[in-house]
Structures are given as C-alpha cells and as structure tokens.
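Reading through the structure tokens given below for one structure.
The values are calculated or read from the model by the stated rules, or taken from the named source; none is laboratory data. Predicted model, so just to flag it, every value in this text is computed and none were measured. Positions of Cβ are backbone-derived with ideal geometry, glycine not excepted, and every protein chain shown enters the neighbour counts. SASA here: full protein model, heavy atoms, side chains in, ligands and nucleic acids out. Shrake-Rupley method; radii C 1.70, N 1.55, O 1.52, S 1.80 Å.
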Amino acid sequence: LKPPSADSVLYFIYQRDGNGAVSYKIDGGATVSYWYGHAFDLNGKHYFTGFGSKSQGEGQEGDDGMMDPEHVAISQATFTRVEKDGKVEWSKPDTDGYVGEFGRMGRPEQIDESRKAQSFTTGDGRYLLAVPTQDFVNGTDVRMFSLLLFDPGNVDKLGFRQWGYLGSIPVGYDNSDACDGGEVMSCAASSGTLTFEQTDAGLPHLKISFRGTTIASPGKVRDMTDADTVVYTFDQAKQSYEK
C-alpha cells in the first residue's frame, strides 16, 4: 500500500486543487506546501501522516488568530490503513489545518535528509515523533529535531487535537562557513545523539549527547564531553520541550 501522494495530502487539508503541485497559493495570498510524510504503527493500527505548511497571507491571521508572521502554520492529514471489500486501502483522513507553527521568514523548517526520524510510544498510547530538521543562520548550519505528538485517544489535556507541535531542539551545529578557516572566529562543529528516557506512562525526557568541538572562549575551542549532555523535559504550561 503506497503512501498517499503529497498533492492529495494538501487537497484533503486545504480543499484546494493544486493540479499536482506540492506548493501553491490559495485564497488570501497564503502559500501551502507539503512538508513531511511519516508512516507508523500505534495501538495495532497502521497510519500515514502527511504534514503541510501554510504561510500567512497578506493581511491574514493564523487559524487561531495568534500566528507569528515569520512562521508558518503546521497542518496534517492522517490516514489509517483499513480493509474494505477484501482490499487494503487508506481511510478518509483526519485533518487539521493548525497543529502549531514554526520556521522563519515565512518558510517551514527544512528537512535534514542526512538523518532519520526517531519516535517513541508512551505508556499511555501516544506517539512522539522527532523529525530531523536544519537551518542556516549567519553562516552556521544548525541541526535540530522538530517534535510532534500524536494523541488519537485524547489522553492528554493539551491545547490541540490529534497532532500537536511541541517545539524544536538543537542537536549540533557547524560554523565552517562563518569562521573562514579560523580567520573570523574559531571554527567548531558538533553533532548530537537523541535518546528517549522513559519517566512514567507520560512523555519521556529527551537526552542529547554531543560529540565534536565547541567554542570555549574567544579564540579557543574544546572537545565536547559527557558534561555537555543536555536533557529536555516537557513543560505542561508552555506545551513544549524545554531545558
């Protein structure tokens, strides 16, 4: 069973036909784009979720009236594999036009194709997805994980429906384009490994272990050690992962 196509995901979410395109303008001047697709199993069911993004059109606000104009709204369409008349097919999807917002300059966070997504199933039946993303800021390549939570059984009381965005966490950087071989600043590069640490039936802690180098002081770098490990925990009030 092939995953639903990117253009069909956008059609189900936004109810606008892009004639096969995976990025196009809709009413109000907003641009909608396909962002990421993920197949997974949870509680005996097989799902596929396609995520989209929507920029803020001129003079428009996000679906919740609070959207930062620098960000894009994250959207989703979640299909369930079902059997009908002896054939396996995808169900009509559950869709949501707003499950959070991220990115900058009106663009979503860029998928990092060099890394794989990671996931964790909680003891209370939720699914935490860490999507590898990256950004390029002032000559520095920043690697991140964008965190999304699937809660089909409405276990938690968070302010979203089936999917919700829980923030993005950095897991490494490389400033080689900015440091100019050490002439402008010290050159440093690091990469982090994400480990999920179960605490109870709820959301896990996120442990980032680093290797590589980091700037210790002006003109000096050092090797990263276990002392540089960072642990993120879920902040219920902010509805995101924080250090």
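First check a/c for region 1-142, with a ≥ b ≥ c the square roots of the eigenvalues of its C-alpha gyration tensor; if it is under 1.5, answer rounded, and if not, answer prolate when a/b is larger than b/c or oblate otherwise. It is oblate, given that a/c is not under 1.5 and a/b is not larger than b/c.
Taking amide H positions as modeled 1.01 Å from N, with prolines and chain starts lacking one, no residue 5 or more places away or on another chain lies under 5 Å from residue 125. Summed over qualifying helices (DSSP H, 4 residues or more, each -39500 (n - 2.57)) and divided by its residue number, the chain shows a 222 nm mean residue ellipticity of -1500 deg cm²/dmol. Along region 112-127 the Karplus relation, 6.51 cos²θ - 1.76 cosθ + 1.60 evaluated at θ = phi - 60°, assigns HN-Hα couplings of 8, 6, 7, 10, 9, 5, 10, 8, 8, 9, 7, x, 9, x, 10, 10 Hz to successive residues, with x for each Gly and Pro.
Taken as Cα centroids, region 77-120 and region 185-238 sit 27 Å apart, rounded to the nearest whole angstrom. When 161, 115 are compared by accessible area at a 1.4 angstrom probe, the order from most to least is 161, 115. Using θ = phi - 60° in the Karplus curve 6.51 cos²θ - 1.76 cosθ + 1.60, the 3J(HN,Hα) couplings for region 201-212 round to 6, x, 6, x, 7, 10, 9, 10, 9, 9, 9, x Hz; x is entered for Gly and Pro.
Look at the alpha carbon pairs under 8 Å that are at least 6 residues apart: their mean separation over the length of region 9-139 gives a relative contact order of 19 percent.
Each residue of region 14-24 is assigned a 3J(HN,Hα), and the resulting list reads 9, 6, 9, 7, x, 6, x, 6, 10, 7, 7 Hz, derived from the Karplus form 6.51 cos²θ - 1.76 cosθ + 1.60 (θ = phi - 60°), x at Gly and Pro.
In terms of distances greater than 26 angstrom between alpha carbons, the cross-link table entries 54/92; 84/116; 84/157; 45/84 yield 84/116; 84/157.
Subtracting the Cα-Cα distance of residue 70 and residue 183 from 0.36 nm times their residue separation leaves 37.4 nm of extension gain. Amide H contacts under 5 Å for residue 213: 189, 190, 224, restricted to partners 5 or more places along the chain or on a different chain, H placed in the peptide plane at 1.01 Å from N.
Give the range of the longest stretch in the chain that excludes all GluC sites (Glu not before Pro) found in loop regions by DSSP and having at most 10 other beta-carbon atoms within 10 Å. Walk me through the numbers before you get to the answer.
Working: sites that count: 58, 113, 183.
That would be 114-182.
The label point for residue 16 and the one for residue 222, both projected 7 Å from the Cα toward the Cβ, are 5.2 nm apart. Backbone amide hydrogens, once placed in the peptide plane, bring residue 171 within less than 5 Å of 143, 144, 145, excluding anything fewer than 5 places away on its chain. Taking all protein chains as shown and a probe of 1.4 angstrom, residue 194 keeps an accessible surface of around 10 Å².
Given the alternatives [x] -0.86; [y] -1.00; [z] -1.11, log10 I(q)/I(0) by the Debye sum over Cα atoms at q = 0.14 Å⁻¹ as computed for this entry is given by [y].
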